[in-house]
Each structure stands twice: as C-alpha cells, then as structure tokens.
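The values are calculated or read from the model by the stated rules, or taken from the named source; none is laboratory data. Not measured: the values here are computed from a predicted model. No Cβ is skipped: glycine too gets one built from the backbone with ideal geometry, and neighbour counts run over all protein chains shown.
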Amino acid sequence: MATQELEFKGYALVDPKNFTDLKVTAFKPKTFQADDVEISITHCGVCGSDLHTLKQGWGESHLPLVVGHEIVGKATRVGDNVKDIKVGDRVGVGAKIGSCMKCRQCKGEYENYCAKGISTYNSEYPDGVVTQGGYSTAIRAHQQFVFPIPDALESRHAAPMLCGGLTVYSPLVTNGAGPGKKVGIIGIGGLGHFALLFAKALGAEVYAFTHSPRKMEDAKKLGADHVDFAKEHAGMLDLIVSTMDATPQLPLKEFLTMLYVHGRFVTVGLPDADEHLPTLHAFDLVPNGCFIGGSAIGSKKECVAMLALAAEKGIKPWIEELPMKDAKKALEGLGDNKVKYRYVLSQDLV
Ligand SMILES: [Zn+2]
Ligand SMILES: [Zn+2]
C-alpha cells in the first residue's frame, strides 16, 4: 500500500545540444503492478552510460529523458507479489528494471541477459511509458531488479556499486577470480577502481594496467599488487577484465599474450557505436588457447552476493558526493576524466 503520494520528477535532458544542461521535469511513472517496488530516491551514482546516452553516443534518446541507474532509496510501496522487500526498507536499482521473466535466461538467474530486458532509462515499459532514471525523486521497478541494501553499507557507497560495481564483480566471479589466480584490470576509472577493490576482496593477485602515474599510486591503495606494463607478464594472467571504452586504441594483442593457457580476456567497457575492437588474427588466439568475451552488468543473485562481500570486507568506493542539481558538474568531471572515482548525487528535489 502507498504510504505517501510521490511526485515523479527529475533532472531531464531536454536539448541534446546542451546535454549537461538538465531541467527539472515531471514525468509519468509506469503503471504500478503486483511485482513492482516503488522507491523514493535518496542517492544516484553517475555512470559513463549516462554520459554516452546524454551525448546521443548510443543513438538518439527519448526526450525529455532522466538518466541515472545507480539508485538507492526507501521502498514506499510494494506490490502483492513482492517477497523480500517491505515498505521502509533501504533498497537499490541498477541498470535494468525489468525483463520477460519467462525465457531460459530469466529462469536461469541470468535475467540481466534477457533479450527483452528493460533498461532503467531510455527504454520502454510494456505499457509504452518511457523509462526514466535516478536523477529524480522516485522510480518503480520489478522486484527481480530491486536489491536490498545491507545495514553495514552507507547509501552513498552502495549506489555506485549497483552498476559500476556489479559490472566488474560479475565477470570476476564468473571467470574464477579468487585465491591462487592472477587477475589483470585495464583502465583505472569508475569501473576499474571497483574491479581492483573486488578482485582483491575475492582473494586474487591483482595487476593494474594504467599509463597515468597518479592512477598507479591510487591503484596500489585500491588493492593492486602490481602496477605496470612489464614484458614478463607474458603467459601469466588467468583473467583480464578491461574497463576501457576507447577500444580502437586498446592494445588487445599485447594483452592477449599476457594470458596463461585458456586465460580469458573480458571486456565490460562500452564505447560509442562507431568504435570497434581492434582487428585480430587467429595467431593472436591460438598460441595460448585464450578466450575473448564480454559481460553485461550482473544478476540479482550476484548483486546480493556483491553487497554482502562489500559489507563483510568493509569495501568503500572512492566517491565525490554532490547535490543532484550539480549533475552538470559531475557529468563534466566524468567527461574530462577528473572524477576519483565515482560521483554520487544526493537528493535535493524533495
Ligand atoms: Zn552504468
Ligand atoms: Zn527473459
């Protein structure tokens, strides 16, 4: 049952030519259904996807559009089918808010890979309503995409984990990061900083790859055991997770030679649509029997496990907190690569 009437409004893109100039705009939420949770938002992280979408880098967006998919708040209404969430609970939402719940992926706890998945913003619900993200007062999401936040985690720390954290946690655990494994992380930005924190927390020996001297220092503080591009890494690493989204510049062949037998290279960075991966030859893959793959966010099961690990190990992301009205500052800082390492916006509309 509703405890209060929420007003749905947020900082929206209205003119793609001025993509950081967001205007407070009211929007229509989806029709509330029995599997839905309605959330009054307190915090929202600022993800690279927000910037790509606002800049129209992934194609023309809906207008007006509110971005933001690292959302934490309080549940204000829960549908009759909702099992593990009560009104008043602290909960979060990541980059998806719905899927078909019927396909093999959905039934196999891979709902993040459902072909009919609904993105948290710039997507459409089955009722035709455009999805609007977390730089806003409130959101409604299917319970499978709503994550309880452990008491030990602060909301501002949990928020950026729900896309940035989960996007790297999932390929780390899926591909065996743990004690006795050597794991390389490419790119020390929002995603890469989480990858270092989680790879270390999972017990792996961690190699950070960055050319920035400032980031080399940070990488050590974040848990990296090694920070360089030394030649002697050839044939050593069990897993490399690449968070870089400037893929034409990625020295992919060099990284593949660093892999141990059957080692895996997994990319999670998503560049603009016209930026392709470098060309490869079969000779780049055969000598060490390596694999190349990708990974898309993570499932609820993985998210719950990630939040439990963060609570248990006291993992705190490096964040800069700003009021939501300063989204422009955060987006510009992210675009200029000045962020250390995630902006989190706090609610100022209610
Ligand atoms: Zn994201
Ligand atoms: Zn499905």
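The rows are residues; the columns are (1) within 19 Å of Leu172 (Cα to Cα); (2) more than 22 Å from the chain's Cα centre (by Cα).
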position: Arg214; (1), (2): no, yes
position: Ala224; (1), (2): yes, no
position: Ala234; (1), (2): no, yes
position: Asp245; (1), (2): yes, no
position: Thr267; (1), (2): yes, no
position: Leu277; (1), (2): no, no
Please determine whether any residue of the range 132-153 is within 22 Å of Gly192 (Cα to Cα) and either in contact (Cβ under 8 Å) with a residue 12 or more places away in the chain or in the same structural domain as Val304 (by TED's automatic domain parsing) (or both).
yes
Only one of (1) among the charged types (D, E, K, R); (2) crowded, with 21+ Cβ neighbours inside 10 Å; (3) on the phi > 0 side of the Ramachandran plot fails for Glu111. Which number is that?
(3)
Cβ-Cβ below 8 Å, separation at least six or inter-chain, first residue in the range 94-118 and closer than 20 Å to Arg140 by Cβ, second acidic (Asp, Glu) and near ligand 2 (Cβ under 7 Å from one of its atoms): which pairs?
Lys96/Glu111; Ser99/Glu111; Met101/Glu111; Gly117/Glu111
Of all residues in the range 185-204, which are in a helix (DSSP H, G or I), farther than 13 Å from Lys220 by Cβ and over 15 Å from the mean Cα position of the chain (by Cα)?
Ala199, Ala201
Do you know which residues across the range 119-135 are of a type outside the set (Gly, Ala, Ser) and surrounded by fewer than 20 Cβ atoms within 10 Å (Cβ to Cβ)?
Glu124, Tyr125, Pro126, Asp127, Val129, Val130
Among (1) in contact with a Leu (Cβ under 8 Å, 6 or more places away or on another chain); (2) at pLDDT 95 or above, which single condition is His62 missing?
(1)
Among (1) surrounded by fewer than 24 Cβ atoms within 10 Å (Cβ to Cβ); (2) part of a helix (DSSP H, G or I), Gly176 falls short only on (2)
Please determine, by comparing only the residues of the range 255-289 that are hydroxyl-bearing (Ser, Thr, Tyr) and farther than 14 Å from Lys182 by Cβ, which one is surrounded by the fewest Cβ atoms within 10 Å (Cβ to Cβ).
Thr279
Can you find a residue in the range 222-231 that is under 15 Å from Ala311 (Cα atoms), assigned to a loop (DSSP other than H, G, I, E, B) and not charged (D, E, K, R)?
no
Pick out the one residue from Ile297, Ile292, Ile319 that is under 22 Å from Ile240 (Cβ atoms) and crowded, with 20+ Cβ neighbours inside 10 Å.
Ile297
Any idea how many residues of the range 77-113 are of a type in the set (D, E, K, R), more than 22 Å from Cys163 (Cβ to Cβ) and more than 16 Å from ligand 2 (Cβ to nearest atom)?
4
For Lys116, state whether it is modelled with pLDDT of 95 or more, within 16 Å of ligand 2 (Cβ to nearest atom) and closer than 30 Å to Gly269 by Cβ.
yes
Scan the range 255-269 and report the pairs whose first residue is in a strand (DSSP E or B) and whose second residue is among the β-branched types (Val, Ile, Thr) and at pLDDT below 95, with Cβ atoms within less than 8 Å and a gap of 6+ or a chain change.
Thr267/Thr247
Please state which of the following conditions Gly298 fails to meet, knowing it meets all the rest: (1) within 16 Å of ligand 1 (Cβ to nearest atom); (2) more than 27 Å from Leu202 (Cβ to Cβ).
(2)
Any residue at all in the range 126-133 that is at pLDDT below 95, in a loop (DSSP other than H, G, I, E, B) and within 16 Å of ligand 2 (Cβ to nearest atom)?
yes
Which of the residues belonging to the range 1-60 are surrounded by fewer than 24 Cβ atoms within 10 Å (Cβ to Cβ), touching an Asp or Glu at 6+ places or on another chain (Cβ under 9 Å) and in a strand (DSSP E or B)?
Lys23, Ala26
Considering residues that are part of a loop (DSSP other than H, G, I, E, B) and within 16 Å of ligand 1 (Cβ to nearest atom), the number found within the range 81-112 is 2
